[in-house]
Amino acid sequence: MSVVASERSAIAYFRGEGNCHIVIGFERNGMRYVWRVRKRFGTDAREYLHETSNNSLFCHIMSRLFDQCFVVLPKLIRVDLPLLESLPHFQRYPVPAEWRTSQSRVYAAELPDLCYFTEYCSESTGDTVTVELKPKQGFIPLSLRRISPYCSNCLLQMVKSRNGTYTNMYDFCPLDLYSVDFKRVYRAVSSLAKIPHANMKVFKNGQLVHSNQNSADLDKLFGHRCTNGMTQGEDFAKLIAKILTCAYVENSEEYKSVMAKTPLLQHILLLQKQDTEGPFAVAEYIKDLMKRSGESGDSGRLFAGAPTSVKAAAFCSIVAASLRDCSVMITMKIFSRKPETSRLPVFTLPCGCFVVYRMRLIDLDYKTPAKLVSYANRLKDALNLISQSDWKTKRPPCVE
C-alpha cells in the first residue's frame, strides 16, 4: 500500500475520539477530510505502521463484500508530528522519545469528512445532520444462545454499567436495530437517542451535539422553514428507522450491485452470520495454534500450517468481528425542492420538503487473532458476572 505525506501547511483541528483513535479534521482545496490516528504508541514505530497499514488494507478487502459506494477507502499517510502535537487533545497521548527525529512523522488513515455534503452547498442553506451508528452484532451465535438469553452487546454493556463505565444501562438491543420490523428499529433508535453509550453520535454541521457525554433534543435538529413559511421539526427516530429499513440505492452506472437492493444492516447481518463457529470455538482454535507454533502476533505464520477448515472459520470470524465494531455514517440534508441532479436517495417529508441522505461504512478494522481470543474471554467473564447478579430479573431476554 502506498504512503503519502501530509501537507505541512494543513490547519488541523480536533474532531473527536474513540477508544483507540483520535480523529483530526482539516481542509484541502475546499474539501474536508479527517485523519484517523491511533492514541496509543508503542516503542516500536514499525509495529505502529504495521497495524495502521493492516487496517487500511483490510478495509480494501472488506469493500469487495459491499456495493462500491458504501465502504470509504482510507489513504495511508504520514503526518508531521509537530502538527499533531499542536492539538491539545493529542498531547494527552505522548509519542515515545525513540520516535523523535528532525523528520518525526506519525502514520494515519486519511478519509473524507462524512459530516458534510459538498455536492449541494449551493442548493440548500439548511444544516447537515450526521448520525454515526455502531450497530454491533445482529444475532446471537448458537454457542452463546445455549448459555445466555442475552446477545453479546447487551452482556458486555451490562458489565460496563455495573462497573461504572456507564452511569445507566440502556434499553437498546442490536437485535432490534437489525430486524426488518419498523417498530423494533424505531424502538432501538429511540433508546439510543435517550442513552447512546458508544453506539450513537450525532453531528450538526460537523460539530458533535449528541453523545454519551452530552445530549440534545434530536427532533429539533431537523427544524427547517418550509416553502409555506412554517417552521417544522421532524421525528428523529422515525426518520432514521425509515432510512435503516429500506433498500439503499445510489443512481450510478459505475458499478454492479452485489447487495440486490437489500437494506445495509440486513447485508451486514448476512455477512456476520457466515461466522457459524462462534467466538468460543474460534478462540479455542487460535489458542491451540498459538501453543503449537509459539506464534501470537503474525497471523500469516500462525495459520500457515492450519487445516483449511480452521483458516476458513478464522477468516469468517475476523470479518464478523470487523463488522461488529464498524460504524454506519448517515449524512442528511433538508431541501425545500428536490435536487434535480441528485444520485443519492431522497425521502419526502410530511410537510412536502425533501431529505437527501447518504450512507457509508467506516472503521472496518482488521481484528488480530489475539483480539478474537480477548473478545471470547470478555464474553465469558460477562457471563460469569451476570449469572451472579440479578440482571435476569431486570432485563428481558434479547429477541431475534
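The values are calculated or read from the model by the stated rules, or taken from the named source; none is laboratory data. Treat the numbers as computed from the prediction; the structure is a model and nothing was measured. Here the Cβ is made from the backbone with ideal geometry for all residues, glycine too, and neighbour counts use every protein chain on show.
Just checking, does segment 277-289 include any residue being under 30 Å from Ile330 (Cα atoms), touching a Lys or Arg at 6+ places or on another chain (Cβ under 9 Å) and assigned to a helix (DSSP H, G or I)? Checked segment 277-289: no residue is under 30 Å from Ile330 (Cα atoms), touching a Lys or Arg at 6+ places or on another chain (Cβ under 9 Å) and assigned to a helix (DSSP H, G or I). Hey, among the residues in segment 96-153 that are hydrophobic (A, V, I, L, M, F, W, C) and part of a loop (DSSP other than H, G, I, E, B), which one's modelled with the lowest pLDDT? Step by step, filter segment 96-153, then rank; the result is Cys121. Annotation: of all residues in segment 351-393 being without any contact (Cβ under 8 Å) to a residue 24 or more places away in the chain and over 30 Å from Phe303 (Cα atoms), the one that is surrounded by the most Cβ atoms within 10 Å (Cβ to Cβ) is Phe354.
Asn384 meets all of the listed conditions (1) more than 23 Å from Leu265 (Cβ to Cβ); (2) part of a strand (DSSP E or B) but one, namely (2).
Count of segment 180-224 residues, restricted to those that are free of Cβ contacts under 8 Å to residues at least 24 places away in the same chain, surrounded by 15 or more Cβ atoms within 10 Å (Cβ to Cβ) and not in a helix (DSSP H, G or I), is 4. Would you be able to say whether some residue in segment 360-370 is farther than 22 Å from Val328 by Cα, in contact with a strand residue (DSSP E or B) (Cβ under 6 Å, 6 or more places away or on another chain), hydrophobic (A, V, I, L, M, F, W, C) and in the same structural domain as Val310 (by TED's automatic domain parsing)? No: segment 360-370 contains no residue that is farther than 22 Å from Val328 by Cα, in contact with a strand residue (DSSP E or B) (Cβ under 6 Å, 6 or more places away or on another chain), hydrophobic (A, V, I, L, M, F, W, C) and in the same structural domain as Val310 (by TED's automatic domain parsing).
Considering only residues that are modelled with pLDDT of 90 or more and either part of a loop (DSSP other than H, G, I, E, B) or in contact with a helix residue (DSSP H, G or I) (Cβ under 7 Å, 6 or more places away or on another chain) (or both), which ones fall in segment 154-165? Step through it out loud before you land on a result.
Step one: of segment 154-165, the residues modelled with pLDDT of 90 or more are 154-160.
Answer for segment 154-165, where residues must be modelled with pLDDT of 90 or more and either part of a loop (DSSP other than H, G, I, E, B) or in contact with a helix residue (DSSP H, G or I) (Cβ under 7 Å, 6 or more places away or on another chain) (or both): Leu155, Leu156, Met158, Val159.
I need the full set of residues from segment 238-264 which are of a type in the set (S, T, N, Q), farther than 22 Å from Pro350 by Cβ and at pLDDT 85 or above, in order please. Before you say what the answer is, go through the steps one by one.
Applying the first criterion (of a type in the set (S, T, N, Q)) to segment 238-264 yields 245, 251-252, 257, 262.
Still in the list and also farther than 22 Å from Pro350 by Cβ: 251-252, 257, 262.
Within segment 238-264, just Thr262 meets the criteria.
Looking across segment 334-353, the residues that are assigned to a strand (DSSP E or B) and either closer than 16 Å to Glu250 by Cα or at pLDDT below 80 (or both) come down to Val346, Phe347. Only residues that are surrounded by fewer than 17 Cβ atoms within 10 Å (Cβ to Cβ), free of Cβ contacts under 8 Å to residues at least 40 places away in the same chain and assigned to a helix (DSSP H, G or I) were counted across segment 290-325, and they come to 10.
Candidates Gly25, Gly16: the one that is buried (at least 17 other Cβ atoms within 10 Å of the Cβ) and at pLDDT 85 or above is Gly25. Total residues in segment 76-95 satisfying the condition of being more than 16 Å from Gly16 (Cβ to Cβ), at pLDDT 70 or above and surrounded by 11 or more Cβ atoms within 10 Å (Cβ to Cβ): the figure is 9. A Cβ distance below 7 Å, combined with a sequence gap of six or more or placement on separate chains, defines the contacts here; from segment 336-350, residues that are within 13 Å of Leu239 (Cβ to Cβ) reach residues that are of a type in the set (Ser, Thr, Tyr) and assigned to a loop (DSSP other than H, G, I, E, B) in the pairs Pro345/Tyr248. When segment 36-55 is limited to residues that are buried (at least 17 other Cβ atoms within 10 Å of the Cβ) and over 19 Å from Ala370 (Cα atoms), the one that is modelled with the highest pLDDT turns out to be Arg36. So, Leu271, is that one in contact with a strand residue (DSSP E or B) (Cβ under 9 Å, 6 or more places away or on another chain) and not charged (D, E, K, R) or not? When the stated conditions are applied, Leu271 does not pass them.
Could you check segment 326-350 and list, in sequence order, the residues that are charged (D, E, K, R) and buried (at least 19 other Cβ atoms within 10 Å of the Cβ)? Within segment 326-350, Lys333 is the sole residue that qualifies.
Within segment 56-75, the set of residues being assigned to a loop (DSSP other than H, G, I, E, B) and at pLDDT below 90 comprises Asp67, Gln68, Cys69.
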